[in-house]
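Scroll down for the structure; my scribbles are underneath it.
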Amino acid sequence: MNNKIKNRIYYFSGTGNCLKLSEDIAEKIGDCEIVSISHKTDCALPESYARIGFVFPVYFLGLPKVMDSFLKNLKPMDSETVANTYFFTVATCGVLVGNAIPQLNMRLKQKGACLHYGIKHIMFSNCVQMYDMNKNVDKITQKSDENAKPIIDDIKNLKRNSILPFNILLDKYYKMQIGRVNNLDYNYNADNNCSGCGICASVCPVENILIENKKPAFRHQCEFCSACIQYCPNKSLNYKNTTQKRRRYHHPKIGFKKISNSRESDL
């Protein structure tokens, strides 16, 4: 490594878990930018940074669609960037990390680089569309914060580890599920308690929601991140007829204003 000290973390977050983790990493390593991944994010990586990281939740045992698209569209990296930059990733999940880390590594290799460090991190599992969530939010969040500390130390100290190989069988499942994700918002609905406040639109990481006639309208580029449902103050936004009585979650330290403002810093 040379004497460069500037760092950047690219993150994708629906309910604030990965934003909070990115903030914690940035605070520890110092001199670090945090960039939210969206359809508008600049796909040219900086050429003079010491560390470049990717923090994201596991979707269908792989990368969120918008994260994979960002990586596919990255501009090829020059030899100096590859030689002098430490690339890392933290994939957050409830249990299984699946193919997510080797998938990201494969995308980087296609651009001339590779991961130096990749690890999964268990955080509060919150896909409300698929299940009701655990009651023990505080306990699980505190444990997650503690378990993140050695990971963050590894990143600060430029630790390297072995990246598992890409699994073709897992990729078949992933492609089957992720191929339909953009249109899953056909199953969203807002009941009569919807006030048209616009919070759902402001927290959406991919600008999938417009407010029309004081109701959310979906543009069918959904990432299935559940931010709109989780942050709805009236619990009026739901998925099919399955989420009405389920608990809601966002990271206790990431309110809707903070995650909304983070979208505005996309580079």
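No lab work stands behind these numbers, since they all come straight from the coordinates. Being a predicted model, the structure only gives us computed values, none of them experimental. Neighbour counts run over all protein chains shown; Cβ positions are idealised from the backbone, glycine included.
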Over all Cα pairs of the stretch 78-218, the Kirkwood radius sets Rh, and Rg/Rh then becomes 1.04
Under the Karplus relation with 6.51, -1.76 and 1.60 and θ = phi - 60°, whole-Hz ³J(HN,Hα) for the stretch 47-58, x at Gly and Pro, equal 9, 9, 10, 6, 10, 10, x, 9, 10, 7, x, 7
Scan of the chain for GluC sites (Glu not before Pro) in DSSP loops with at most 13 other beta-carbon atoms within 10 Å gives a longest site-free stretch of 48-263
For the stretch 25-127 the trypsin sites (Lys or Arg not before Pro) that pass both the DSSP coil test and the at-most-10 other-Cβ-within-10 Å test are none
Summing -39500 (n - 2.57) over every DSSP H run of at least 4 in the chain, dividing by its residue total and rounding to the nearest 500, the 222 nm mean residue ellipticity is -9500 deg cm²/dmol
Taking placed amide H atoms and a strict 5 Å upper bound, the residues 5 or more places from T89 or on another chain that come that close are F54, Y117, G118, I119
Of the listed pairs K139/K240; K75/K109; K143/K235; K40/K72; K20/K143; K6/K72, those with alpha carbons more than 20 Å apart are K139/K240; K143/K235; K6/K72
Highest GNM mean-square fluctuation among A44, A83, A148, for the chain with Cα springs under 10 Å, belongs to A83
With 0.36 nm assigned to each residue of separation and the Cα-Cα distance removed, K215 to E80 gains 43.6 nm
Under Stokes-Einstein, the stretch 181-263 at 10 °C and 1.306 mPa s, with its Kirkwood radius over C-alpha pairs, diffuses with a coefficient in µm²/s of 125
Quick numbers on the chain, Rg and Dmax over C-alpha atoms in Å, give 18.2, 59
By the rule of another cysteine's Cβ lying under 4.7 Å, the cysteines of the chain that fail to get a partner are C18, C32, C43, C93, C114, C127, C194, C197, C204, C222, C225, C232
Expressed in angstrom and rounded, the centroid-to-centroid distance over alpha carbons for the stretch 107-185 and the stretch 1-58 is 15
Residue by residue through the stretch 74-86, the couplings from Karplus 6.51 cos²θ - 1.76 cosθ + 1.60 with θ = phi - 60°, in Hz, x for Gly and Pro, are 4, 6, x, 9, 7, 5, 5, 4, 4, 6, 10, 10, 8
